[in-house]
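S.K.: Before I ask anything, here is the structure I am working with.
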Amino acid sequence: MVLPKKPSRLNSIAEAIGKQLNVPVVSIAPEKAAEHFGWFAQMAAIDCPTSSKWTQEHLNWHPTLPTLLVDIENGVYTK
């Protein structure tokens with residue numbers, strides 16, 4: 001399996017979900033986020049990329065399954 005070099009961004013995940021559900025996905029201006037997302041607005045705005053590099057190096061763990069984005073694109077959560 002080939003892993004992405006960068007973590008999936010929220011907009012990529014939203015676009016993949018929208019495609020699977022056949023619903024439009026639109027960008028929302030930051031000043032409108034609280035109105036749209038409610039309590040989740042602050043979480044949606046956080047930019048905190050993660051990596052499994054430390055886990056792979058220190059615990060000798062290596063991912064063997066598809067990424068979240070690949071699973072979404074393959075309809076794993078919508079079938």
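S.K.: Filter region 53-76 for residues that are in contact (Cβ under 8 Å) with a residue 40 or more places away in the chain and over 22 Å from Val25 (Cα atoms) and give the result.
M.R.: If the condition is that a residue be in contact (Cβ under 8 Å) with a residue 40 or more places away in the chain and over 22 Å from Val25 (Cα atoms), then Pro63, Thr64, Leu65, Pro66 are the ones that fit.
S.K.: Something else now. Please determine, by comparing only the residues of region 17-32 that are under 22 Å from Tyr77 (Cβ atoms) and among the polar types (S, T, N, Q), which one is surrounded by the fewest Cβ atoms within 10 Å (Cβ to Cβ).
M.R.: My answer is Asn22.
S.K.: Then there's this: Testing Ser8 on (1) surrounded by 13 or more Cβ atoms within 10 Å (Cβ to Cβ); (2) at pLDDT 90 or above, one condition comes back false. Which one is that?
M.R.: (2)
The values are calculated or read from the model by the stated rules, or taken from the named source; none is laboratory data. Remember, predicted model here, so these are calculated numbers, not experimental data. Here Cβ is always computed from backbone atoms with ideal geometry, including for glycine, and neighbour counts include all displayed protein chains.
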